[in-house]
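The values are calculated or read from the model by the stated rules, or taken from the named source; none is laboratory data. From a predicted model like this one, the values you see are computed outputs, not experimental measurements. Quick reminder, even Gly has a Cβ in these numbers, built from the backbone with ideal geometry, and neighbours come from all protein chains shown.
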Amino acid sequence: MSVSSATSLNAARRRRELELASLDTTDVLVVGGGITGAGVALDAASRGLSVVLIEAEDLAFGTSRWSSKLVHGGLRYLATGDFATARESAIERHVLMTQIAPHLIRPLPQLLPFAPGVTLLQRAAGVAGMGVGDLLRMQARTPRSVLPGPQVVGRRTALRLAPTLQSRGLRGGMLSFDGQLTDDAKLVVTIARTAAGHGARILTRVRAAELRHDGASVCDSLTGERFEIRARSVINATGVWAGTLDSGIAVRPSRGTHLVLDAADLGDPQAAITIPHEGSVSRYVFALPQGNGRVFLGLTDEDAPGPVPAIPEPTEEEISFLLASLNRVVETPVRRDQVRGPSRGCGR
């Protein structure tokens, strides 16, 4: 069997493996086909365990397709003093960029502008954070050929990288690098297909109605057929929806919103613009060029109590906050009618 056929996920394979899943007892049942579920399925299958992964919709349908596409090295965790998670993030970024998916991840320059809208304390905190982030990069043994080190740049370089920055009072900036996915959903599909190549059964459009310690009651969304899947271990990888399948799990739903802008409205930036929240030295808004004529501006972190929607909608307050943050450092303010749409996500 060729590698392509071994990893192919098609209708014929789904029908065959759906029937087998209902007959056998599998070692591991994974519920949820996002990046976490796909990763768990690959890890288990590559260790020789039998694996069934079920996903109610399609792969990367939920939070995994609404990401900023950053493969970050833990800077956001450093800001809160969580050094252990920051170190783990740097190691995971190294593995992704050097072994798992170097073809899907590129280095992204990120510029903290020394602009009038960024205070001296925010500049100092940003420089220190990027320095510590580079130490984590070195600990993870990520070479500078993959991720260059941080450096202070002058006003001319800052304007070349981000042409719409306020020129008056601009004193250059701090330039650092992080990882950026070209396609977040493609990474999920790639990992799921690799798991399938190791024998995992990847079953989309199969919804879990009830989870138990020894399996699940499920429904084939395409036919309406209901059946049981028996398993020695069950892993709930449904993220923000985990509590809907297990009353013992409590999550705090939150909404992380990005806005989609035309890159031309920001002068086609060559680097992400890093903007500290007003009055904060630990939280940031990012204007992230996506390489397809678009820029993602985000993100928020707002409590979203109640039922979790499949496609969350941003509030006008979030949109106003993100635009106001960006407009503190750019020459020409971006207007509400220039927003092309939201890039939405749910967290927990």
(request) Quick one: in region 21-35, of everything that is of a type in the set (Ser, Thr, Tyr) and either touching a Phe, Trp or Tyr at 6+ places or on another chain (Cβ under 7 Å) or surrounded by 18 or more Cβ atoms within 10 Å (Cβ to Cβ) (or both), which residue is modelled with the highest pLDDT? (result) THR26
(request) Please give the number of the condition ARG335 fails out of (1) in contact with a Pro (Cβ under 6 Å, 6 or more places away or on another chain); (2) surrounded by fewer than 17 Cβ atoms within 10 Å (Cβ to Cβ); (3) basic (Lys, Arg). (result) (1)
(request) Mind telling me which of the residues ARG230, ARG226, ARG205, ARG193 ends up being more than 22 Å from GLY39 (Cα to Cα) and either among the aromatic types (Phe, Trp, Tyr) or modelled with pLDDT of 95 or more (or both)? (result) ARG226
(message) Test of understanding: among VAL218, VAL240, which residue is more than 21 Å from ARG106 (Cβ to Cβ), more than 23 Å from the chain's Cα centre (by Cα), crowded, with 17+ Cβ neighbours inside 10 Å and of a type in the set (Val, Ile, Thr)?
(response) VAL218
(request) Identify, by number, the condition in (1) within 21 Å of the chain's Cα centre (by Cα); (2) surrounded by fewer than 23 Cβ atoms within 10 Å (Cβ to Cβ); (3) under 12 Å from ARG201 (Cα atoms) that ILE54 doesn't meet. (result) (2)
(message) From the list VAL260, VAL281, exactly one residue is farther than 18 Å from LEU111 by Cβ and surrounded by 13 or more Cβ atoms within 10 Å (Cβ to Cβ). Which is it?
(response) VAL260
(request) State yes or no: is SER89 farther than 20 Å from ARG205 by Cβ, of a type in the set (Ser, Thr, Tyr) and buried (at least 22 other Cβ atoms within 10 Å of the Cβ)? (result) yes
(message) Among (1) in contact with a strand residue (DSSP E or B) (Cβ under 6 Å, 6 or more places away or on another chain); (2) farther than 30 Å from VAL118 by Cβ, there is one condition LEU259 misses while meeting the rest; what is its number?
(response) (2)
(request) Mind listing whichever residues of region 124-150 are assigned to a helix (DSSP H, G or I) and surrounded by 20 or more Cβ atoms within 10 Å (Cβ to Cβ)? (result) GLY126, GLY129, MET130, GLY133, ASP134, LEU136, ARG137
(request) Consider LEU18 carefully, then state whether it is modelled with pLDDT of 90 or more, within 23 Å of ASN292 (Cβ to Cβ) and either outside the structural domain of ALA128 (by TED's automatic domain parsing) or assigned to a strand (DSSP E or B) (or both). (result) no
(message) Consider region 197-216. How many of its residues are over 13 Å from VAL30 (Cα atoms) and of a type in the set (Gly, Ala, Ser)?
(response) 3
(request) Out of ARG137, ARG160, ARG141, report the one residue that is assigned by TED's automatic domain parsing to the domain that holds TYR284, out of contact with any strand residue (DSSP E or B) (no Cβ under 8 Å at 6 or more places or on another chain), touching a residue at least 60 places away in the same chain (Cβ under 8 Å) and under 17 Å from SER89 (Cα atoms). (result) ARG137
(request) Could you check how many residues of region 41-94 are of a type in the set (Ser, Thr, Tyr), assigned to a loop (DSSP other than H, G, I, E, B) and modelled with pLDDT under 95? (result) 3
(message) Against the definition (touching a Leu at 6+ places or on another chain (Cβ under 6 Å) and either at pLDDT below 95 or farther than 26 Å from GLN290 by Cα (or both)), how does ARG168 come out, yes or no?
(response) no
